[in-house]
Each structure stands twice: as structure tokens, then as C-alpha cells.
Amino acid sequence: KSMDMSTLVHSTRIRVGRSIDGFGLSPGITKEQRLGVEKLFKTASSNFSGDLAGSYYPLTGMEESVRQQLVDDHFLFMSGDPNLKVAGMERDWPEGRGIFHNKDKTFLVWVQRSK
């Protein structure tokens, strides 16, 4: 029997860690380095085209209406994980953190989610 491949997968998550020369990893990253990583990502994502083209939403200074839509879409991550706090990974929250999604909301990138 032939299967309808469009009904098999609704969502897939791929976790990718980063290692960028000159930038620390958690929990040793400085605020300045975290902001530098965010700047690199914003520059890179502004060059995404076609199906990947979209917008980056920094957590710092995010408008309430945008924040609420991202929560309603189940995309936004929040501070408060006690394990991340103890490990020092939520220092300077929410500086240098954000989320990118394409226009169709089918491609998402969390920037420094737990860093």
C-alpha cells in the first residue's frame, strides 16, 4: 500500500551547538561575546533567501504584541530554568538572545537559547 508522505511528519527539531573562534561557550561567555554572536547571526540571517527568508526578533526590547504572537505560536523560550541558572547560563538575560523564523514559520532558529 502506498503511504501519503505529507502526513507522516508534522514537526522536526534539530539541535545544533555552535563553536565560533573568539567566542566563549557557556557558562564562560561574556556579555560582549554574546552580543557579538547575536550580531553575527543577524548579519548571516539577513542574507537568507527563498524559503529561508524571514525576520530576527531579539528578546531585548521585543514589542509585547510580537512576544505574545511568538508565545501563541509556541516558539518563544523563556527564562527561569533552575538548572540553567545554577550553571550560570542565564547571566544577562535576555541580552544577546532571540529567535528567527522564516515568513511561513516553518524554519526557526533560537539564538543562544541556553547560553
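The values are calculated or read from the model by the stated rules, or taken from the named source; none is laboratory data. Note that the structure is predicted; figures quoted are calculated from it, not measured. Positions of Cβ are backbone-derived with ideal geometry, glycine not excepted, and every protein chain shown enters the neighbour counts. For the accessible areas, the whole protein counts, side chains as well, though only heavy atoms, and no ligand, DNA or RNA atoms are used. Shrake-Rupley method; radii C 1.70, N 1.55, O 1.52, S 1.80 Å.
Tabulated results
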quantity: Given (1) in contact with a His (Cβ under 8 Å, 6 or more places away or on another chain); (2) modelled with pLDDT under 75, number of the condition F107 does not satisfy; calculated: (2)
quantity: Given (1) of a type in the set (G, A, S); (2) in contact (Cβ under 8 Å) with a residue 12 or more places away in the chain; (3) out of contact with any His (no Cβ under 6 Å at 6 or more places or on another chain), number of the condition G54 does not satisfy; calculated: (3)
quantity: Matching option when the condition is over 30 Å from V9 (Cβ atoms) and of a type in the set (G, A, S), among G54, G88, G50; calculated: G88
quantity: Any hit, the range 66-76, residues being open to solvent by 60 Å² or more (accessible area, probe 1.4 Å), within 21 Å of R15 (Cβ to Cβ) and of a type outside the set (G, A, S); calculated: yes
quantity: Condition check for R34: in contact with a Gly (Cβ under 7 Å, 6 or more places away or on another chain), charged (D, E, K, R) and either over 18 Å from R13 (Cβ atoms) or not in a loop (DSSP other than H, G, I, E, B) (or both); calculated: yes
quantity: Qualifying residues in the range 8-29 (those that are among the polar types (S, T, N, Q) and open to solvent by 60 Å² or more (accessible area, probe 1.4 Å)) - the one modelled with the highest pLDDT; calculated: S19
